[in-house]
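First up is the structure itself, then whatever we jot down about it.
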Amino acid sequence: MSVFKQAKKNWDSYLLCTPTLILFIVFMVYPVFYLVRLSFYQWDGITQMKFIGLENYARLLRDPIWWKSLKNTMIYVVAKLVIELSLALGAAVVLNSKLKGKNLFRSIFFLPVVTSMAVMGIVFVGIFSPFEGVFNLILMKLGLISQFRDWLGEPSTALYTVIGVAIWHDLGINMVFFLAGLQSIPKYLYDAAKIDGAGSWQQLLHVTLPMLKPIALIIVMLSVIGSFKVFDIVNVMTNGGPYYASEVVTDYMFKYGFAGRGLGASVVAQQGYAATIGMGLFVVIAIFTFIQLKMGRIGR
Amino acid sequence: MNIMRRFTRFPLYIVLILWSIICLYPLVWMISTSLKTMPEVTEDPAALIPETPHWANYLETWTKGNFGTYFKNSLIITGAVLLLVLWTTSMTAFAITRTDFPGKRLILYALVVTLFIPAEATLVPVFHIAKSLHLLNSLAGIIIALVAGSQVVSIYLIQAYFRTIPLDLDDAAKIDGCNLFQRYWYVVLPLARPVLATVAILTFMGAWNAYMLPLAFTMARPTLRTLPVGLVAFQSGFAFSVNWPLLCAGAAISTIPVVALYVFLQRYFVGGIAATGLKE
């Protein structure tokens, strides 16, 4: 049967796929080509587009704030990866044991995940605010600081404060991923280890962790890709400030793309340049995904 | 041995309780501040019980802060996205698991590749496409763009579940004279309720909490703002002295529905999230 006949016979299958395919092509595939094209133009989003060749890319390479935002994004990625995932793994291991009240702890740890990053970001701005903020008061009472600090307003602390809030929000999701991984480990492996005389630490090191590896690789990948795309929390809490100290790639792109919140970068949108920053993000994520896929293969 | 174990468990509980407090405190602070007056906040921001609960804050935020409009927009967007995602992705998942047609492979590969495309990077093009389709002057633009964005993960989850439903059922229905659409609607879909619930909850969370896309789409159209976008605009509206009680009331209005849903449907939330990590 020819392809054409086969296609004709399966008209009903195509009909079922049509809504998805239309949305997919119009809002996922076409935008990628549009993005590539736009990155060669100068455009405010309204008037005539002007072709400028590779100028946007040359500008990107020379733009210190792009590099700064990329560096901050990397710090965010690494901090979330190292701190959040190890805490989440610890929480999952502990809450997978026969501990009283483990279900309650699980529910509470997961609660921040369901809240909106943007909304809770604003609440945290209140908590961290220099004068009426509770965070300063608590640290003061514990004797950890001697004077109030502006956690989100000082260049040295802004990014790390934002990272702390992001960890607050996302720890639960990774805990749940790890828990699902732990529960997929067959019980007989532990029984065998016990017969061989392995204690609980040895079981953790020689059974749990090696068995968790395939899922851990996926969790790491999801975390890294997700972190590279961080926007909400930075936009809401610091908007990249002060003086780009906590700027990240997506937020920097948004400033040029929509000339919106905190017109620090530009009053008129520069959408061609925004597209170039988007391309930059694209390339960075592609590189890291590639590295991770390679590493996953070697690990296997 | 038993004593040893108690001895090591005690610090463990302290850590667990401490992190529980950290998880809950911001939400408690938000609710308590939303019921205070501004002088009360400046006097003692850490006091968790307001002198007299100031419910009027909610009324003021709802009417003067436009949260009524934002709430309505969020509700419409979330509801529409939910229905559209469930409908379109279950149809596609059905077609790719139940039939074999030229181009199926291509669709499957395209879906895999899309998982690695950062939707954030293509926001500017997506905005212009929506604009040229005249979708920006109503909530339709946000709805359609959000549906497009959450399709891939949903298709993965649903098709993985569909594969566990025996094909014999389809064949039996076919012999009884059911066409493809009838088999989708009467045979497979009713059996797929658990995965549809999972996808519904994930989509609900994603749409209700979405920020970047609605922010870009409503930049010039304040009446179309959703709750998170409206809250951020509300905050920017206070030039130097932020009215925290009102702002927290707004934050509570945005947060309480999703937290309430979590409390009642916890199992599905946790199960659904776990599925996204494992099934990819």
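The values are calculated or read from the model by the stated rules, or taken from the named source; none is laboratory data. The model shown is predicted, which means the values in this text are computed figures rather than measured ones. Don't worry about glycine lacking a Cβ; one is built from the backbone with ideal geometry, like all the others, and counts go over all protein chains shown.
Here are the criteria: (1) surrounded by 20 or more Cβ atoms within 10 Å (Cβ to Cβ); (2) of a type in the set (A, V, I, L, M); (3) assigned to a loop (DSSP other than H, G, I, E, B). Tell me which single one B:ILE165 does not satisfy.
(1)
Does B:THR42 fit the bill of being without any contact (Cβ under 8 Å) to a residue 24 or more places away in the chain and either surrounded by fewer than 24 Cβ atoms within 10 Å (Cβ to Cβ) or touching a Pro at 6+ places or on another chain (Cβ under 7 Å) (or both)?
Taking the combined requirement at face value, the residue satisfies it.
Among the residues of region B:132-143, how many are in contact (Cβ under 8 Å) with a residue 40 or more places away in the chain and at the interface with chain A (Cβ under 10 Å from one of its Cβ atoms)?
Of the residues in region B:132-143, 0 are in contact (Cβ under 8 Å) with a residue 40 or more places away in the chain and at the interface with chain A (Cβ under 10 Å from one of its Cβ atoms).
Taking the condition of being farther than 29 Å from B:LEU215 by Cβ and basic (Lys, Arg), how many residues in region A:198-234 meet it?
1
Is there a residue in region B:224-231 that is assigned to a loop (DSSP other than H, G, I, E, B), touching a Lys or Arg at 6+ places or on another chain (Cβ under 8 Å) and under 17 Å from B:VAL81 (Cβ atoms)?
no
Output the helices (runs of 4 or more DSSP H) that fall wholly within region A:1-93 and possess 3 or more residues being more than 14 Å from A:THR276 (Cβ to Cβ) and away from every other protein chain (no Cβ under 13 Å), or say none.
Output list reads A:64-79.
Would it be correct to say that B:SER32 is closer than 30 Å to B:TYR184 by Cα, assigned to a helix (DSSP H, G or I) and either within 13 Å of chain A (Cβ to nearest Cβ) or hydroxyl-bearing (Ser, Thr, Tyr) (or both)?
No.
Among all residue pairs at least 6 apart or on different chains, which show Cβ distances below 7 Å where the first residue, located in region B:258-270, is within 8 Å of chain A (Cβ to nearest Cβ) and part of a helix (DSSP H, G or I) and the second is surrounded by fewer than 20 Cβ atoms within 10 Å (Cβ to Cβ) and of a type in the set (S, T, N, Q)?
B:GLN266/A:SER107
Could you list, in sequence order, all residues of region B:111-126 that are within 7 Å of chain A (Cβ to nearest Cβ) and in a helix (DSSP H, G or I)?
Within region B:111-126, B:THR114, B:GLU120, B:ALA121, B:THR122, B:LEU123, B:VAL124, B:PRO125, B:VAL126 meet the criteria.
Check B:ALA239, B:ALA249, B:ALA274 and return the single one that is more than 13 Å from the chain's Cα centre (by Cα), more than 10 Å from every other protein chain (Cβ to nearest Cβ) and farther than 21 Å from B:ASN73 by Cα.
B:ALA239
Quick check on this structure: which one of A:SER246, A:SER266 is more than 9 Å from chain B (Cβ to nearest Cβ) and modelled with pLDDT of 85 or more?
Going through A:SER246, A:SER266 in turn, the sole match is A:SER246.
Kindly indicate which of A:VAL224, A:VAL230 is under 27 Å from A:LYS68 (Cα atoms) and part of a helix (DSSP H, G or I).
A:VAL224
Any chance region B:40-55 includes a residue that's touching an Asp or Glu at 6+ places or on another chain (Cβ under 8 Å), more than 10 Å from chain A (Cβ to nearest Cβ) and in a loop (DSSP other than H, G, I, E, B)?
yes
Would you tally the residues in region A:106-118 being in a helix (DSSP H, G or I) and either of a type in the set (Ser, Thr, Tyr) or without any contact (Cβ under 8 Å) to a residue 12 or more places away in the chain (or both)?
3
Assess whether B:LEU24 counts as being more than 30 Å from A:PHE128 (Cα to Cα), at pLDDT 85 or above and within 14 Å of chain A (Cβ to nearest Cβ).
No.
Consider only pairs whose beta carbons are under 7 Å apart and that are at least six residues apart or on different chains; among these, list those whose first residue lies in region A:137-152 and is acidic (Asp, Glu) and whose second residue is surrounded by 13 or more Cβ atoms within 10 Å (Cβ to Cβ).
Between residues of region A:137-152 that are acidic (Asp, Glu) and residues that are surrounded by 13 or more Cβ atoms within 10 Å (Cβ to Cβ), the close pairs are A:ASP150/A:PRO130.
Pick from B:SER90, B:SER74, B:SER138: which is under 22 Å from the mean Cα position of the chain (by Cα), under 19 Å from B:LEU215 (Cα atoms) and crowded, with 17+ Cβ neighbours inside 10 Å?
B:SER74
Scan region A:132-152 for residues that are facing chain B (nearest Cβ under 8 Å) and not small (Gly, Ala, Ser) and jot them down.
If the condition is that a residue be facing chain B (nearest Cβ under 8 Å) and not small (Gly, Ala, Ser), then A:GLU132, A:VAL134, A:LEU137, A:ILE138 are the ones that fit.
Taking region A:41-92 as the search range and keeping residues that are surrounded by 18 or more Cβ atoms within 10 Å (Cβ to Cβ) and among the aromatic types (Phe, Trp, Tyr), which one is farthest from B:ILE117 (Cα to Cα)?
The extreme case among them is A:TRP43.
Conditions (1) buried (at least 24 other Cβ atoms within 10 Å of the Cβ); (2) not aromatic (Phe, Trp, Tyr), marked per residue:
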residue: A:MET221; (1), (2): no, yes
residue: A:MET237; (1), (2): yes, yes
residue: A:TYR243; (1), (2): no, no
residue: A:SER246; (1), (2): yes, yes
residue: A:THR250; (1), (2): yes, yes
residue: A:MET253; (1), (2): yes, yes
residue: A:GLY257; (1), (2): yes, yes
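Against the definition (closer than 30 Å to B:ASN243 by Cα and not in a helix (DSSP H, G or I)), how does A:SER97 come out, yes or no?
no
So which residues in region A:177-189 are more than 10 Å from A:ILE219 (Cβ to Cβ) and either within 11 Å of another protein chain (Cβ to nearest Cβ) or assigned to a helix (DSSP H, G or I) (or both), if there are any at all?
A:LEU179, A:LEU182, A:GLN183, A:SER184, A:LYS187, A:TYR188, A:LEU189
Could you list, in sequence order, the residues of region B:199-248 that are at pLDDT 90 or above, small (Gly, Ala, Ser) and within 28 Å of B:MET38 (Cβ to Cβ)?
Result: B:GLY230, single match.
If you scan region B:195-222, which residues turn out to be assigned to a loop (DSSP other than H, G, I, E, B) and at the interface with chain A (Cβ under 7 Å from one of its Cβ atoms)?
B:TYR211, B:MET219, listed by residue number.
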